[in-house]
Amino acid sequence: MNLTSFPAHVVVVRLGSAKISIYAEELINVKMSSSCRRPEHMAPPEVFYNEEEARKYSQNSRMIEIQSQMSERAVELLNLPRDQPCFLLDVGCGSGLSGDYLTEEGHCWVGIDISTAMLDVALNREVEGDLILGDMGQGMPFRAGTFDGCISISALQWLCNADKKTHVPPKRLYTFFSTLYSSLARGARAVFQIYPENSEQLELITAQAMKAGFTGGIVVDYPNSTKAKKFFLCLFAGTSGVLPKGLDSETTDRGVSNQVQFSGQRSRFKNMKGKSVKKNKDWILEKKERRRRQGREVRPDTKYTGRQRKPWF
């Protein structure tokens, strides 16, 4: 792998004739904060995400808000057709928080996760998607061309660690990416929100993705911010698309348009002050209609459907 020198805001990683463009300022020299111990260093995912940890993803409002924001940004980077439902894959779906956003956008989805405790929370929350217990490092068990896109929030970096003697991170990453590539429709995108430990880990991930046939690269939102900085691996299956540019507080304040537009809907989570988006009448009616189309038994709509009850004292 050769690194070619470019201006400070762009670094291109070459692997053979393929390219991965990385939009970040001095991205190869990025050093992630080591002030707190990373979860993937504490225990394997199926052990770390036990019942106690899983409950946080259904009770912690701050965690739910962050997960929703990252899911919205990942779907934005997928660049799906407008007003057209798609069939999507959620890798490392956990308790189904990212799947909730996919459902709100009108998409059907399948989620896969290695933690039984997290999937139990998703079942208790009655998420709309189908759930599968599985290890992403062993590959995706789907037919070729099944999905119109794939998202993954904070899961991919777990494959960079060897939790067992038989685990070889490069092989597990290649197995995952190669089977994911085949399960995506031609021209589809896969977007992974990741927390890379260092530049070497980024190179390992991108190299295996390109070896499996993907093109694309790393999109960095708010590269100059310590807290707001987010890394998204944006991959193209079967085509070479234009890599979206990352969000930046300076450019968005000046109104500079990016290839992926910054949606004003992202601010709704800040204005809600912890209130659930699932308490309005429209959402309830849409959910009931979806369940009717799925053949489920649903109570008939009345004038009381979705009505807010007055508090009792």
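Values computed for the structure shown
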{"read-out": "Some residue of the range 213-222 being modelled with pLDDT of 85 or more, assigned to a loop (DSSP other than H, G, I, E, B) and open to solvent by 40 Å² or more (accessible area, probe 1.4 Å)", "value": "yes"}
{"read-out": "Filter result for Leu133 (out of contact with any helix residue (DSSP H, G or I) (no Cβ under 9 Å at 6 or more places or on another chain) and surrounded by fewer than 17 Cβ atoms within 10 Å (Cβ to Cβ))", "value": "no"}
{"read-out": "Members of the range 210-230 found to be free of Cβ contacts under 8 Å to residues at least 40 places away in the same chain and touching a Pro at 6+ places or on another chain (Cβ under 8 Å), listed by number", "value": "Lys229"}
{"read-out": "Number of positions in the range 65-103 that are of a type in the set (A, V, I, L, M, F, W, C), open to solvent by 20 Å² or more (accessible area, probe 1.4 Å) and in a loop (DSSP other than H, G, I, E, B)", "value": "1"}
{"read-out": "Close pairs from the range 170-197: first farther than 13 Å from Ala212 by Cα, partner of a type in the set (Ser, Thr, Tyr) and open to solvent by less than 10 Å² (accessible area, probe 1.4 Å), Cβ under 6 Å, at least 6 apart", "value": "Phe192/Ser152"}
{"read-out": "Test for Asn161: is it among the polar types (S, T, N, Q), open to solvent by 60 Å² or more (accessible area, probe 1.4 Å) and more than 19 Å from the chain's Cα centre (by Cα)", "value": "no"}
{"read-out": "Number of positions in the range 177-199 that are farther than 21 Å from Gly246 by Cβ and not hydrophobic (A, V, I, L, M, F, W, C)", "value": "7"}
{"read-out": "Any pair with Cβ under 9 angstrom, 6 or more apart, that starts in the range 283-295 at a residue that is among the polar types (S, T, N, Q) and ends at one that is modelled with pLDDT of 75 or more", "value": "Gln294/Glu128"}
{"read-out": "First in the range 60-72 and hydrophobic (A, V, I, L, M, F, W, C), second anywhere and open to solvent by 30 Å² or more (accessible area, probe 1.4 Å) and in a helix (DSSP H, G or I), Cβ under 8 Å, 6 or more apart", "value": "Met63/Lys56; Met63/Tyr57; Ile64/Tyr57; Ile64/Ser58"}
{"read-out": "Test: residue in the range 171-180 that is open to solvent by 60 Å² or more (accessible area, probe 1.4 Å), more than 17 Å from the chain's Cα centre (by Cα) and of a type in the set (Phe, Trp, Tyr)", "value": "yes"}
{"read-out": "Among (1) in contact (Cβ under 8 Å) with a residue 60 or more places away in the chain; (2) open to solvent by 40 Å² or more (accessible area, probe 1.4 Å); (3) not acidic (Asp, Glu) - the single one Tyr57 does not satisfy", "value": "(2)"}
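The values are calculated or read from the model by the stated rules, or taken from the named source; none is laboratory data. Keep in mind the model is a prediction, meaning the values are calculated, not measured. As a convention, Cβ positions derive from the backbone with ideal geometry for all residues, glycine included, and neighbour counts pool all protein chains shown. Each accessible area value is taken on the protein alone, full model and side chains, heavy atoms only, with ligands, DNA and RNA left out. Shrake-Rupley method; radii C 1.70, N 1.55, O 1.52, S 1.80 Å.
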